[in-house]
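Colleague: I have a structure here, written as structure tokens, and I will follow up with some questions on it.
The values are calculated or read from the model by the stated rules, or taken from the named source; none is laboratory data. None of these values were measured; they are calculated from a predicted model. As a convention, Cβ positions derive from the backbone with ideal geometry for all residues, glycine included, and neighbour counts pool all protein chains shown.
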Amino acid sequence: MDIPKILDTLIDGWCERRAIRPLKYLLRAYPGPLAHTDQLYELLDALKDVKDLCRDDLTPEERQMLNKADNTLEDSLGTR
């Protein structure tokens, strides 16, 4: 599963159950163009904020999906 597909799935789930906090952090960096490295780092920061600041708002499956997106993005940026 690619990063945009993971993020779209997460956003859909959060919208359905009105989980505002994770949406607030993720939507500052996505959706939008992910063409430049600085945009990818902004997305990485947003993912980390969701993981760290919204733990109580996430299901175990959502945490797994966030970890997968985070790890994939870190690998592509060479920060892992």
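Colleague: Need pairs with beta-carbon distance below 9 Å; first residue over 17 Å from residue 5 (Cβ atoms) and touching a residue at least 40 places away in the same chain (Cβ under 8 Å) and within segment 23-45, second outside any loop (DSSP other than H, G, I, E, B) and of a type outside the set (Gly, Ala, Ser); sequence gap 6+ or separate chains.
Modeller: 37/77
Colleague: Criterion first (crowded, with 18+ Cβ neighbours inside 10 Å and hydrophobic (A, V, I, L, M, F, W, C)) does residue 69 satisfy it?
Modeller: yes
Colleague: While we're on this one: Residues of segment 55-66 being surrounded by fewer than 17 Cβ atoms within 10 Å (Cβ to Cβ) and either touching a residue at least 60 places away in the same chain (Cβ under 8 Å) or not charged (D, E, K, R) (or both), which ones?
Modeller: Result: 59, 60, 64.
Colleague: Go through segment 33-64 and give me each residue that's under 15 Å from residue 13 (Cα atoms) and hydroxyl-bearing (Ser, Thr, Tyr).
Modeller: The answer is 59, and nothing else.
Colleague: If you don't mind, another one. In segment 6-54, which residues are in a helix (DSSP H, G or I), loosely packed, with under 13 Cβ neighbours inside 10 Å and modelled with pLDDT under 95?
Modeller: 37, 38
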